[in-house]
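S.K.: Please see the structure below; I have some questions.
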Amino acid sequence: MDSTATASLASLWDEVSGTQPDPDLWVVIAALGVALAVVVPHGLWRISRNAVTIAHEGGHGLVALLSGRTLTGIRLHSDTSGLTVSRGKPHGIGMILTAAAGYTAPPLLGLGGAALLGAGRITLLLWLATALLLAMLVMIRNAYGALTMIVTGGLFVVVSWLAGPQIQAAFAYVVVWFLLLGGVRPAFELQAKRARGGAGDSDADQLSRLTHVPAGLWFFLFHAVSLCSLIGGGRWLLGL
């Protein structure tokens with residue numbers, strides 16, 4: 001590798017790993033408002049929930065790989081549901097961690113994103129998110145899922161490469177607020193659906209069968225993770 005290429009790589013790494021100035025507080029508050037606007041109203045939530053499903057299924061897939069299972073594919077559906085299939089022992093700690101990763105992944109990703117933004121790592125956050133989306137795209141096994149991933153990943157690529165620093169900062173804060181807020185709602189929705197007699201094979205029910213721990217305690221875990229992530233991540237984003 002010649003010196004010019006080395007210098008270019010070094011410059012790129014400095015840009016990605018370096019810190020950027022924090023946006024004005026009004027930008028952070030406006031980003032919170034945008035996130036609330038797409039999470040709270042039912043009509044918009046039916047669309048924006050697709051992004052939470054990406055994080056949910058990505059969490060299943062990543063933990064499956066980390067626990068030694070073989071990830072065979074991920075499907076995303078137009079009703080905002082998803083399915084992650086992995087091979088390995090149908091019981092044991094690897095299967096338990098994989099099943100528990102879905103509802104905890106979006107808020108934990110939001111918490112990690114808030115930590116990066118709190119440290120001024122806006123560019124690093126955008127690049128890491130883009131890399132994770134591209135890696136997940138390889139494992140998608142249906143057309144709707146592939147289209148969803150291409151649109152979402154393409155948005156991150158455009159913002160990361162072409163947008164100015166202020167737009168990048170605003171976009172990053174909206175994304176992280178969305179993960180923190182959007183990570184709270186799905187577990188409550190699932191619990192309500194189970195109360196009406198539906199979703200009998202939910203992640204909480206699978207975990208109950210795997211561990212012989214009541215599904216209600218797994219819901220408590222999902223709620224605790226999402227609410228604690230929202231509180232902790234929100235404090236970082238607001239600079240408290």
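S.K.: Please state the charge dipole magnitude for the chain, taken about the Cα centre, from unit charges on C-beta atoms (+1 on K and R, -1 on D and E), reported in debye and rounded to the nearest 20.
M.R.: 840
S.K.: Please give the per residue accessible area of the chain, computed with a probe of 1.4 Å over protein heavy atoms only, in Å².
M.R.: 51
S.K.: Taking amide hydrogens as modeled 1.01 Å from N in the peptide plane, which residues meet the under 5 Å criterion relative to Ile140, leaving out close sequence neighbours?
M.R.: Placed amide hydrogens put Ile74 under 5 Å from Ile140.
S.K.: Next up: What's the ranking of 61-68, 37-44 by average number of surrounding C-beta atoms within 10 Å, highest first?
M.R.: Top of the packing list down: 61-68, 37-44.
S.K.: Still on this structure, please answer the following. What does the extension gain come out to for Ala192 and Ile231, with contour length at 0.36 nm per residue minus their alpha carbon separation?
M.R.: My answer for the length gained is 11.7 nm.
S.K.: Name all residues of segment 172-216 having a backbone nitrogen under 19 Å from the label point set 7 Å from the Cα of Asp24 along its Cα→Cβ direction, giving them as ranges.
M.R.: 172-174
S.K.: Continuing with the same structure: For the pair Trp161 and Leu217, how long in nm is the line joining their label points, each one 7 Å along Cα→Cβ?
M.R.: Simple spin-label model gives 4.9 nm for this pair.
S.K.: Where does each of His91, His77, His60 land when they are ordered by accessible area, with a 1.4 Å probe and the largest first?
M.R.: My answer, sorted largest first, is His91, His77, His60.
S.K.: Here is a further query. Between segment 42-104 and segment 137-180, how far is it from one alpha carbon centroid to the other, in angstrom?
M.R.: Distance between centres, Cα-based: 18 Å.
S.K.: At 37 °C and a viscosity of 0.692 mPa s, what translational diffusion coefficient does Stokes-Einstein give for the chain, taking Rh as the Kirkwood radius over Cα pairs? Give it in µm²/s as a whole number. Walk me through the numbers on the way to the answer.
M.R.: Numbers: Rh = 18.8 Å.
Once the numbers are plugged in, D ends up at 175 µm²/s.
S.K.: Could you list the residues of segment 55-97 with an amide nitrogen less than 12 Å from a label point located 7 Å from the Cα of Leu147 in the Cα-to-C-beta direction?
M.R.: 77-79
S.K.: Find how much the distance from Ala224 to Ala115 grows on full extension, using 0.36 nm per residue of separation minus their present alpha carbon separation; answer in nm with one decimal. Please list the in-between numbers first.
M.R.: Values: separation 109, 0.36 × 109 = 39.24 nm, distance 1.86 nm.
Fully extending the segment from Ala224 to Ala115 adds 37.4 nm.
S.K.: Figure the gain on full extension for Ile47 and Thr70 (residue separation times 0.36 nm, minus the Cα-Cα span) and round it to one decimal in nm.
M.R.: Roughly 5.2 nm would be gained on extension.
S.K.: Continuing with the same structure: Compute a Gaussian network model of the chain, connecting alpha carbons closer than 10 Å, and tell me which residue from Leu97, Leu134, Leu155 fluctuates the most.
M.R.: Result for the chain, Cα springs under 10 Å: Leu155 fluctuates most.
The values are calculated or read from the model by the stated rules, or taken from the named source; none is laboratory data. A quick note: this is a predicted structure, and the numbers were derived from the prediction, not measured. Virtual Cβ from ideal backbone geometry, glycine too; neighbours counted across all protein chains shown. These accessible areas exclude ligands, DNA and RNA; they are computed on the full protein's heavy atoms, side chains included. Shrake-Rupley method; radii C 1.70, N 1.55, O 1.52, S 1.80 Å.
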